[in-house]
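Asks: Okay, handing you the structure first.
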Amino acid sequence: MAVEAMELGLVFWAEKHAEAHLKELKGFGLRACQLGVPPAMDCSAFAEEWKAAIASEGVFVSVAVCSYAGEDYANLEQVHKTVGFTAPGYAAQRIARTREVSAFAAKLGLTALSCHIGFIPEDKTSPVYTELLAIARELTDACATNGQDFVLETGQESAATLLSFLSDVARPNIKVNFDPANMILYGSGDPLQALEMLQAHVLSVHCKDGRSPKAAGELGQEVALGEGEVDFPGFLALLKNLNYPGLLTIEREEPDAVQRKADIELGVKRLIQWKQALA
Ligand code: MG
């Protein structure tokens, strides 16, 4: 199914039946999404259900988003300890899970898989950098055998560090899911400057907003679209200038379901307005 450049979409986590999620998506007036695959999901049991629902609802899924058991985003220290492939004790199980989710995504006909690989060290001589590079190559190659791009979520490091890492991985199918809010939440630099630097590698973007951390060692706060520090009119103008062909995928990790729904509706409304102002 073809979608338009900069068409709106939504990221959600598959926690209900496929049809319920896709009807919810359409309730927001959307027909495109990224499919978040939670750690507990039994991929082999649900592949047929998702494949059938995507076809019958006529929905476009751009990416499968892989998350892992043990990830904790409560604060910066916990993120360092628990998120990514170099978090102590997690590498083997997360590599295996990524391969499983990639195979699941392939059954659904998806051509990309994304995840947080963890903090990329600035110091290229560090053992963690070498380990992460080897894992990224292994997973990028595994995705290639399934006809997929391997997509890194941005924001836990500076654009310069990520750019240099991409060049070291040196595979045509390693890409970036650019999340401007993560740059703010992790204090990793100016999102618009980062997007300019990473533009050649950007496969998809998240439309998420946030405010800077209040103190060192803390994470910033995610907020509804337009309520934070991301300059969305500027972000969309830059994407348009770059002839970005992908989706504007709304991401909102708000635990309260009623608030989340309201925030997504607000996000849809604001993105439509900001896009109209570009024309
Ligand atoms: Mg994101």
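Just so you know, all these numbers are worked out from the coordinates, no wet-lab data involved. In this text, all values refer to a predicted model and were calculated from it rather than measured experimentally. Cβ sites come from the backbone with ideal geometry, for glycine too, and all protein chains shown count toward neighbours.
Asks: All but one of (1) at negative phi; (2) surrounded by 15 or more Cβ atoms within 10 Å (Cβ to Cβ); (3) among the hydrophobic types (A, V, I, L, M, F, W, C) hold for Met6, so report the exception by its number.
Replies: (1)
Asks: Just checking, does region 174-182 include any residue being surrounded by fewer than 19 Cβ atoms within 10 Å (Cβ to Cβ), β-branched (Val, Ile, Thr) and away from the ligand (no atom under 14 Å from the Cβ)?
Replies: Restricting attention to region 174-182, the residues satisfying the condition of being surrounded by fewer than 19 Cβ atoms within 10 Å (Cβ to Cβ) are none.
Looking for residues that are surrounded by fewer than 19 Cβ atoms within 10 Å (Cβ to Cβ), β-branched (Val, Ile, Thr) and away from the ligand (no atom under 14 Å from the Cβ), one finds none in region 174-182, hence no.
Asks: Something else now. Which one of Ala96, Ala112, Ala91 is free of Cβ contacts under 8 Å to residues at least 12 places away in the same chain and over 24 Å from Pro255 (Cβ atoms)?
Replies: Just a single option satisfies the conditions, and that option is Ala96.
Asks: Out of the residues in region 154-173 meeting the condition of being touching a residue at least 40 places away in the same chain (Cβ under 8 Å) and buried (at least 21 other Cβ atoms within 10 Å of the Cβ), tell me which one is farthest from Gln193 (Cα to Cα).
Replies: Within region 154-173, the match that is farthest from Gln193 (Cα to Cα) is Phe165.
Asks: Moving on to the next point. Against the conditions (1) in contact with a strand residue (DSSP E or B) (Cβ under 7 Å, 6 or more places away or on another chain); (2) assigned to a helix (DSSP H, G or I); (3) more than 21 Å from Ser212 (Cα to Cα), where does Trp274 fall short? Just the number, please.
Replies: (1)
Asks: While we're on this one: Of everything in region 150-168, what is within 16 Å of the ligand (Cβ to nearest atom) and among the acidic types (Asp, Glu)? Give them in sequence order.
Replies: Glu153, Glu157, listed by residue number.
Asks: So Tyr186 passes all but one of these: (1) over 11 Å from the mean Cα position of the chain (by Cα); (2) within 11 Å of the ligand (Cβ to nearest atom). Which condition number does it fail?
Replies: Exception for Tyr186: condition (2).
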